[in-house]
Amino acid sequence: MSRRDPIYQRLAGVLEKMIQSQSLRTGDRMPSVRQFSMQQGVSVPTSLQAYTLLESRGWIEARPKSGFFVRSRLADMAPEPVTKISRPQVTTMGDPNPVESMFSDYANDRLVPLGAAIPSAKRLPGVKLTRLMASVGRRLGDESIGYDPPPGSISLRRELSRRSLDWGCALQADEFLITIGATEAVSLALRAICEPGDTVVIESPTYFGLAGMLREMRLKALPVPVHPSDGLDLDVLERALRKNRVKACVVVPNFHNPTGSVTSDVHKKRLVEICSRNHIPLIEDDTYGDLPHVGPRPRCLKAFDQEGIVILCGSFSKKLAPGYRVGYIAAGSWQGRIRSLKQASTLSGTLLTSLTISEFLKTGGYDRYLRSICHAYRLQTERMREALAASLPDGSALSRPQGGYILWCQLPGGVDAMELYHQARSSGIGIAPGPLFSPVGGFRDCFRINCGHPWDPVIERAVKTLGRIAKRLAAP
Ligand SMILES: Cc1ncc(COP(=O)(O)O)c(C=O)c1O
C-alpha cells in the first residue's frame, strides 16, 4: 500500500491487517460507518468506500439493520478439490441422461434446489423483461411475430459486437449467428466439424449436457483433467494429442461448470497455441463469462486466436433469461456451414426474445443488472461455502469460484457422493453428484452445489442436513 493510494484504500488496508492479526475477530461488529469516519477524520462516503472494498474482498459482511461484521473465514481453510490425473483414454458415452434427471429434480418443488445450475427466478429481471418485450412488440406491430432467419437479428448482433470488446476481442456483427441457447451453438459447432466415430477432447469433470450431446452424435470423448484453480491440464492435453487423433476440443475456460475455475490468460494463450499447432478447432463455451464476483470479466480464448481456430459460443441463459433461449456463435471460417446446418435443423431463431435482450443491452439495463447480480452471487456463494465448511466432515474440500454460482465439493476418503445424493433426495434436498460430470462415472467423492438462490432458512437447514448425512457416511 503506498501513500499515493486513495484514502479509502489505505483505510481498508489497515482494517484488513487488523482482521488478519485477529485484533478484529470473526463475528465482531465493525464500528459504524459514521463512527469510523469520526475516528479517522474522514468523510462518511470515504469510510463507506473503505467498508465496501473490504466487503468485496470478503473480509466483512453487511447484515440488514445491524451494520458491518467481520466474516467467518472457515471456508478459506478448506483445501481445494483435487482432480486426480489419470491417463486420458478415449471413451464412448454411457447411457443415463443426467440433464433429464437434473431438470426433473429442479421441477420437483419438494426438493431444495441445490442440484441443477439454474439461477433463482427471484434474482432474474423477469418483470422488467416482460415489460420491455411488450414495448418492443408494440413498436414492431405485426412484424413482431415473424421469423428471425439466420444469422439472426442485426440489432442483437451489433450489441454482441460492441460487447466483444469486453471479452478482449473485436468481433464484427456479421461474425455472429444467433442460436437457440449455448446448447445449439456448441451442437452446431460439433456437427460442422465432426463425423460420427470422431474423438473430441472434453474437460474432466465436464458439464454433463456436453456428454449427452456427444452421445447423441455418436462422438467419442477424450477427457483431460481440469484443475479447480487453473482450468485444463495443458501438459496432459499435449501428451494426449500426441497419442490420439482428435477432431475438436470443447472447453469452458471462464467459471467452468462444475469447478468454477477460470483459466488464466497465460494458460488461455498456451491452450490456443497448442490447438493451433495441432490444427484442432477449439470450441469455447463462454456461458458464464459475464458473472465475475469482483473486477472485470475474464477474457475469452477467442481473444488469443491468431489462426481463426476458436469457435466462440455463449448465451444469456445463465445470467438473464434461461427460457428465452437466446445464444450466439462466432465461428469464423465455419460460419457458412453452421448457418446452413442451423437452417436445416431449426430454420429460424426467436425474434421477440432476441430483440428484447438486444434492447436491454442497448439501454444499459443489462450492465446495471449484472453489477447487482454478480455481487449477489458472490455473497450467496461465500455464504454457501461457509455453511458447507461448517457442516461437512473434516477433510472435505471446496472450490473457490471467482464467478458464477456453482460450487464443487470433494468429500474425504471413501464417502460415496451417489449415496449422499440418494439420501439427500430422501431428505428433500437436490444436489448434483460427481459421477454425472464424468463419462466414465468418476468423481464418486464429489458433488456440485447450486448457489443461485438467495440465502434463506430453508437452504440453511438443507446444508446442515446434507452435512449430517455426509458425516454419517464418513463415519468408520
Ligand atoms: C457450461 C454450460 N454450457 C451450456 C449450458 C446450456 O446453456 P443454454 O441454456 O444457453 O443452452 C449450460 C447449462 O447448464 C452450461 O453449464
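What follows draws every value from the coordinates through simple rules; no lab data is involved. Fair warning: this is a prediction, and the values are worked out from it, not measured in the lab. Neighbour counts are summed over all protein chains in view; Cβ atoms, including those assigned to glycine, are modelled from backbone coordinates with ideal geometry.
Of the residues Ser333, Ser317, Ser427, the one with the fewest other Cβ atoms within 10 Å heads the list, and the complete ranking is Ser333, Ser427, Ser317. Number of Lys pairs in the range 124-366 with C-alpha atoms less than 18 angstrom apart, excluding same-chain neighbours closer than eight positions? Lysine pairs satisfying the spacing and distance rule in the range 124-366 number 8.
Gyration tensor over the Cα atoms of the range 36-140: the corresponding equivalent ellipsoid has semi-axes (square roots of 5 times the eigenvalues, largest first) of 40, 30, 15 Å.
Take the alpha-carbon positions of the range 233-364, form their convex hull, and give its projected area averaged over all directions (one quarter of the hull surface) in nm².
Values: hull surface 38.4 nm².
Value for the range 233-364: 9.6 nm².
Annotation for the range 203-280: trypsin sites (Lys or Arg not before Pro) lying in DSSP loop with at most 10 further Cβ atoms inside 10 Å of their Cβ are Arg245.
Considering only alpha-carbon pairs that sit under 8 angstrom and 6 or more positions apart, the relative contact order computed for the chain is 20 percent.
For the range 7-71, the normalised intensity computed at q = 0.21, 0.27, 0.28 Å⁻¹ comes to -0.78, -1.31, -1.39 (log10 of I(q)/I(0), Debye sum over alpha carbons, equal scatterers, no solvent). Using +1 at the C-beta of Lys and Arg and -1 at the C-beta of Asp and Glu, which of Gln402, Thr363, Tyr421 has the Cα lying farthest in the positive direction of the dipole of the range 359-426? Comparing the listed Cα positions along the dipole, Thr363 ranks first. For Val224, the residues 5 or more places off, or on other chains, whose built amide H falls under 5 Å of its own are Ile202, Glu203, Ser204. For the chain, a crude dipole built from +1 on the beta carbon of Lys and Arg and -1 on the beta carbon of Asp and Glu, taken about the Cα centre, is about 920 debye to the nearest 20.
For the range 343-416, averaging the sequence separation of C-alpha pairs within contact (under 8 Å, six or more residues apart) and dividing by the residue count gives a relative contact order of 23 percent.
Charge dipole (Cα centre; +1 on Lys/Arg Cβ, -1 on Asp/Glu Cβ; no other charges) of the range 197-346 amounts to roughly 440 debye.
Amide H contacts of Ala248 (H built 1.01 Å from N, in plane; Pro and chain starts excluded): Val201 sit under 5 Å, all sequence-distant by 5 or more or on other chains.
If both residues of a DSSP beta bridge must be in the chain, then about 60% of such bridges are antiparallel. Beyond 25 Å, the tail of the calculated P(r) for the range 124-366 holds 40 percent of the Cα pairs. For the range 70-179, the set of trypsin sites (Lys or Arg not before Pro) satisfying both a DSSP loop assignment and a count of at most 16 other C-beta atoms within 10 Å is given as Arg73, Lys84, Arg110.
Please report the base-10 log of the normalised intensity I(q)/I(0) for the range 376-476, using a Debye sum with one equal scatterer per alpha carbon and no solvent, at each q in 0.20, 0.21, 0.23 (1/Å). The calculated log intensity ratios at q = 0.20, 0.21, 0.23 Å⁻¹ are -0.99, -1.09, -1.30. Per q in 0.06, 0.11, 0.13 Å⁻¹, report the Debye log10 I(q)/I(0) for the chain, using one uniform scatterer on each alpha carbon and no solvent. Each listed q maps to, in turn, -0.28, -0.96, -1.28. Stokes-Einstein diffusion for the range 425-476 at 4 °C, viscosity 1.567 mPa s, with a Kirkwood radius from C-alpha pairs, works out to 105 µm²/s. Each of Ile373, Ile429 was scored by other Cβ atoms within 10 Å of its Cβ. Listed from fewest to most, they are Ile373, Ile429. Placing +1 on the Cβ of every Lys and Arg and -1 on the Cβ of every Asp and Glu, with no other charges, gives the range 319-460 a dipole of roughly 800 debye about its Cα centre.
Using only helices, what value at 222 nm comes out for the chain when you add -39,500 (n - 2.57) per DSSP H run of length 4 or more and divide by the total residues, to the nearest 500 deg cm²/dmol?
Theoretical 222 nm ellipticity from helices: -13000 deg cm²/dmol.
Each of Phe447, His375, Leu436 was scored by the projection of its Cα onto the charge dipole of the range 356-476, and the greatest displacement toward the positive side belongs to His375; charges sit on the C-beta of Lys, Arg, Asp and Glu.
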